[in-house]
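**Q** Dumping the structure here so I can ask a few things about it.
We did not get these values from a lab; they are worked out from the coordinates using the rules stated. Quick caveat: nothing in here was measured; it's all calculated off a predicted structure. With ideal geometry, Cβ positions are generated from the backbone for all residues, glycine too; neighbour counts draw on all protein chains shown.
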């Protein structure tokens with residue numbers, strides 16, 4: 001007996017759906033890895049707002065941070081984890097399903 | 001105020017707006033990732049690409065061609081080492097400037113795949129043809145193809161970056 005096709009709405013992720021977090025995921029999915037300051041600039045948010053959202057995504061296991069020293073200053077680079085990438089794509093599929101329904 | 005998205009599913013309109021927002025961020029990140037190399041490195045890459053066929057041809061020649069074979073081999077090693085050093089510097093500067101990771105999959109695969117396979121075949125294959133025929137024209141033709149491809153790719157990135165910005 002075959003199992004029923006998965007419902008795209010199952011991929012709807014409340015952690016990702018918050019606008020700034022969706023934008024962070026969109027940026028990291030495209031760029032692969034981005035410096036904290038670059039993400040901040042691209043999204044037009046303050047460092048504290050970005051930091052708050054990155055913490056939520058990191059706690060969910062969706063984003064990982066890497067520290068690198070540049071010009072004697074520590075810079076933080078952000079990237080999506082594999083589960084983060086999968087969750088983001090599943091969330092996009094859910095949004096498309098909502099639009100299409 | 002932004003919430004944690006507590007289990008309220010969006011309407012079709014809200015979902016469309018979210019998708020459009022994500023698409024906008026994606027376009028802006030694509031523009032960053034498509035930032036072209038600085039001109040000095042694009043020039044170095046073009047020179048290196050153009051130099052490979054005659055230098056590799058010299059190392060593979062059955063008899064000495066213009067220079068002793070050993071000299072061609074030394075030139076090949078030195079210019080490759082110089083090119084790789086410049087690449088490391090350029091890549092590091094590029095990352096600092098753009099703030100994103102260097103990716104080689106910015107262009108569509110149907111563009112990059114023929115290049116990744118075709119260019120080495122042309123550049124290195126011309127040396128083998130030269131070895132078999134002793135006709136240096138093959139080397140210079142491959143050299144011209146390599147240089148033209150390098151310049152064309154640089155211009156594609158300049159255009160893509162401008163278009164996406």
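**Q** Could you work out how far helix A:47-59 tilts from the main Cα principal axis of chain A, as a 0 to 90 degree angle to the nearest 10?
**A** Roughly 50 degrees, rounded to the nearest 10.
**Q** Follow-up. Can you tell me the FRET efficiency between residue B:79 and residue B:107 if r is taken as the Cβ-Cβ distance and R0 is 30 Å, rounded to the nearest 0.05?
**A** For residue B:79 and residue B:107, the calculated efficiency is 0.70.
**Q** FRET efficiency for residue B:116 and residue A:37, Cβ-Cβ distance as r, R0 = 25 Å, nearest 0.05?
**A** For R0 = 25 Å, the calculated efficiency reads 0.15.
**Q** Further question on the same structure: Averaged over its residues, how many other protein chain Cβ atoms are within 10 Å of peptide A:14-22's Cβ atoms?
**A** Whole-number average of other-chain Cβ neighbours for A:14-22 is 5.
**Q** How do A:23, A:79, A:66 line up, fewest other C-beta atoms within 10 Å first?
**A** Going from least to most buried by this count: A:66, A:79, A:23.
**Q** Hey, with R₀ at 22 Å, roughly what FRET efficiency would residue A:9 and residue A:58 work out to, going by the Cβ-Cβ distance, to 0.05?
**A** 0.30
**Q** While we're on this one: I'd like the distance between the alpha-carbon centres of the stretch B:30-53 and the stretch B:66-85, rounded to an integer number of Å.
**A** 20 Å
**Q** Using Cβ contacts closer than 10 Å as the measure, can you line up B:16, B:84 from fewest to most?
**A** Result, fewest neighbours first: B:84, B:16.
**Q** If you don't mind, there's one more thing I want to ask. Mind jotting down the distance between the C-alpha centroids of the stretch B:140-165 and the stretch A:55-101, whole Å?
**A** One Cα centre to the other: 32 Å.
**Q** Give me the one-decimal nm value for the distance between modelled label points at residue B:8 and residue A:89, 7 Å along each residue's Cα-to-Cβ direction.
**A** 3.1 nm
**Q** A further question follows. Which order do A:62, B:48 fall in if you start with the one that has the fewest other Cβ atoms within 10 Å?
**A** Values: A:62 25, B:48 20.
Fewest-to-most Cβ neighbours within 10 Å comes out as B:48, A:62.
**Q** Moving on. If I build a Gaussian network model for chain A, linking alpha-carbon pairs within less than 10 angstrom, which residue out of A:34, A:60, A:68 has the largest mean-square fluctuation?
**A** Evaluated over chain A, the most mobile residue of the options is A:68.
**Q** Report Rg(Cα)/(2.2 N^0.38 Å) for the protein assembly as shown, keeping two decimals.
**A** 1.32
**Q** Rounded if a/c is under 1.5, else prolate if a/b is larger than b/c, else oblate: which is the stretch B:37-164, with a ≥ b ≥ c the root eigenvalues of its Cα gyration tensor?
**A** It comes out prolate by the Cα gyration axes.
**Q** In addition: Could you work out the helix-only [θ] at 222 nm for chain B, with each DSSP H run of four or more residues adding -39,500 (n - 2.57) and the total divided by the number of residues, to the nearest 500 deg cm²/dmol?
**A** Taking each H run of at least 4 residues, the total per residue is -27500 deg cm²/dmol.
**Q** Continuing with the same structure: Please determine, in degrees from 0 to 90 and to the nearest 10, the orientation of helix B:109-133 with respect to the longest principal axis defined by the Cα atoms of chain B, where the helix direction is its Cα long axis.
**A** Around 0 degrees separate the two axes.
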